[in-house]
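Derivation of every value follows stated rules applied to the coordinates shown; laboratory data play no part. Note that the structure is predicted; figures quoted are calculated from it, not measured. Neighbour counts are summed over all protein chains in view; Cβ atoms, including those assigned to glycine, are modelled from backbone coordinates with ideal geometry.
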Amino acid sequence: MTPTRKVLFLCTGNSCRSQMAEGWARALRADDFKAWSAGVETHGLNPLAVKAMAEAGVDISGHRSKLVDELLDIPFDLVVTVCDNARESCPVFPGTARVIHHSFEDPPYLARDAVDEEEALDHYRRVRDEIRAFVAGLEA
C-alpha cells in the first residue's frame, strides 16, 4: 500500500529537527505519509542528530540537507514548520497544502554550553523524543 499523503517538515537549516521529523515519519508512519524535509537554508546534516536518532533505532545518516526550493514542484498535502524561523520564512505552496506549525527547541543551541558530547546529546535526545511524539500523533 502506497501512502497517499505527502508531508514536508520544514526548518531553518534542514540539519536537525526537520531531519528527525522526516526520520520518524518514515519509521513510524510510512503507511500514512510519504515524508520529506527541507530548510529555508542548508546547514548540512548534524552528526549529533544522526547519533541521537540511531540510538532510537532510526537511521538518518543517508539524508542530506536540502533547500525547500528543491521540493516546490511536489504537491504536498501537509507542510509542518518545526521552528519559528521556518514559519516566518515559509514559502507559499501551490495547491492545497495545509501548513501547520509546531516549534521544537533547537538542540545545537541548547547544547552550546555542554561540557562534552554526552551532555550535548541529552538535549538532542529530549527534542528527538518530543518530535517522535508529535509525528506519532499527526493526523493522517
Show me, for segment 102-107, the HN-Hα J-couplings you get by feeding each phi into the Karplus relation (A = 6.51, B = -1.76, C = 1.60, θ = phi - 60°), rounded to Hz, glycine and proline as x. 9, 7, 10, 4, 8, x
Kirkwood-based Rg to Rh ratio, segment 5-136, C-alpha trace: 0.95
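About the Cα centre of the chain, how large is the charge dipole given +1 on each Lys and Arg Cβ and -1 on each Asp and Glu Cβ? Please answer in debye to the nearest 20.
500 debye
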Nearest 500 deg cm²/dmol is fine: what mean residue ellipticity at 222 nm does the chain get from its DSSP H runs of n ≥ 4 alone, each adding -39,500 (n - 2.57), divided by its residue count? -11000 deg cm²/dmol
Amide H neighbours of S37 at under 5 Å, excluding residues fewer than 5 places away on the same chain, with H built from the backbone geometry, are F9
Quick query: amide H of K6 versus all other amide H atoms, modeled in the peptide plane; which residues come in under 5 Å with a sequence gap of 5 or more or a different chain? K34, D77, L78
If you take every DSSP beta bridge fully contained in segment 5-136, what fraction is antiparallel? Give it as a percent rounded to 5. 0 percent
Lys and Arg at +1, Asp and Glu at -1: add these up for the other residues within a Cβ distance under 12 Å of F134 and post the number. +1
Please identify the DSSP H helices in the chain that span no less than 18 Å along the helix axis (Cα) and have a mean Kyte-Doolittle hydropathy of 1.6 or more. none
Enumerate the amide H contacts of V99 below 5 Å, restricted to partners 5 or more residues apart or on another chain; note that Pro and chain-start residues carry no placed amide H. V79
So which trypsin sites (Lys or Arg not before Pro) in segment 33-77 are both in a DSSP loop and have at most 13 other Cβ atoms within 10 Å of their Cβ? R64
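May I ask for the net charge around G39, where only other residues with Cβ less than 12 Å from the Cβ of G39 are counted and Lys, Arg are +1 while Asp, Glu are -1?
Summing Lys/Arg as +1 and Asp/Glu as -1 gives -1.
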What percent do you get for the relative contact order of the chain when only Cα pairs under 8 Å and 6+ apart count? 28 percent
